[in-house]
Amino acid sequence: MGFFRKKKEKNGTAGPELNRPDGQSPLREVSYVFFDTELTGLDEKKDSLLSIGAVNMVNGRIELGTTFYQLVKPRSFKHVESVIIHEITPSEVTLQPEVGRVLEDFLNYINGRVLAGYYLSIDLGFLNREMRRIFDRPLDNPAIDTYRLYQWLHQKQPEVPSFAIPAEKLDLYALAQTFEIPFSGQHNALEDALIAAQVFQRFLPWLNQAGVRTLEELIRLGDPYKGGEDRFRGPTQVSNL
């Protein structure tokens, strides 16, 4: 079954038809796309995407030669104070492509892959709002959240120092420090996607030890919408700005 059935967009063009990964695939054999977004703010009704960054992971290896990064011309930029966090100014995005064109490129990039990242419910919320507005449908790729996986591993392995800190006290950068992952900056969509991918690499041996073998099991544990009521709360509330 495809991720998307052939369906007319609002502008009359047909969207891509994608292939769903096999739920019984071993974790290391799955093709993932780790991604992150930067936003003008956290109000889905008023704020906009500013950038999308992503990196492929195939057979457990991060493919640095095939990254995706694109600034987006926002439909609104009311919260200019967010510039302090992501350092993307209105002048930088004025001449960038609008979100529809960027999403077309992003859809081609994620074709047939599992989406992954850190605290994805916010990113997916904004992407799906634009997907429904432009393509009349949401993203259909399976998705996993490394934040949810950490929560589970913390419960399973609380005696392991790397999983000893309660998830609600961690953000992405604290998690990177916990696993000794170097990073040079914060709140850049591509850099944050790379951090999340490296965190997942650190998780793989522990997931295997805990008996998590297949993509289907991983998706069940890493569901980004688990506990949907905390969608805009938690340790990374400002990390997506």
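Given the structure, is V160 among the aliphatic types (A, V, I, L, M) and touching a Ser or Thr at 6+ places or on another chain (Cβ under 8 Å)? The answer is no for V160. A count restricted to the stretch 122-156 and to residues that are exposed (fewer than 14 other Cβ atoms within 10 Å of the Cβ) and of a type in the set (V, I, T) stands at 0. Of all the criteria given as (1) surrounded by fewer than 21 Cβ atoms within 10 Å (Cβ to Cβ); (2) modelled with pLDDT under 90, the one not satisfied by G211 is (2). One residue stands out in the stretch 157-180 among those that are crowded, with 17+ Cβ neighbours inside 10 Å, of a type outside the set (S, T, N, Q) and within 25 Å of G211 (Cβ to Cβ): the one that is farthest from the chain's Cα centre (by Cα), namely F163. I195 meets the conditions (1) within 30 Å of K46 (Cα to Cα); (2) in a loop (DSSP other than H, G, I, E, B); (3) in contact with a helix residue (DSSP H, G or I) (Cβ under 7 Å, 6 or more places away or on another chain) in every case but one. The failed one is (2).
Annotation note: of L71, L18, the sole residue that is modelled with pLDDT of 60 or more and in contact with a strand residue (DSSP E or B) (Cβ under 9 Å, 6 or more places away or on another chain) is L71. The sole residue among L149, L153 that is within 16 Å of the chain's Cα centre (by Cα) and outside any loop (DSSP other than H, G, I, E, B) is L149.
Within the stretch 74-95, the residues that satisfy the criterion of being modelled with pLDDT under 60 and either surrounded by 14 or more Cβ atoms within 10 Å (Cβ to Cβ) or of a type outside the set (A, V, I, L, M) (or both) are H79, E81, S82, V83, I85. Residues in the stretch 182-191: is at least one of a type in the set (F, W, Y), in a loop (DSSP other than H, G, I, E, B) and either out of contact with any Cys (no Cβ under 9 Å at 6 or more places or on another chain) or surrounded by 14 or more Cβ atoms within 10 Å (Cβ to Cβ) (or both)? Yes, some residue in the stretch 182-191 is of a type in the set (F, W, Y), in a loop (DSSP other than H, G, I, E, B) and either out of contact with any Cys (no Cβ under 9 Å at 6 or more places or on another chain) or surrounded by 14 or more Cβ atoms within 10 Å (Cβ to Cβ) (or both). Can you find a residue that is modelled with pLDDT of 90 or more, under 19 Å from L42 (Cβ atoms) and among the small types (G, A, S) anywhere in the stretch 167-180? No, the stretch 167-180 contains no residue that is modelled with pLDDT of 90 or more, under 19 Å from L42 (Cβ atoms) and among the small types (G, A, S).
The values are calculated or read from the model by the stated rules, or taken from the named source; none is laboratory data. As the structure is a prediction and not an experimental result, all values here were calculated from the model. Don't worry about glycine lacking a Cβ; one is built from the backbone with ideal geometry, like all the others, and counts go over all protein chains shown.
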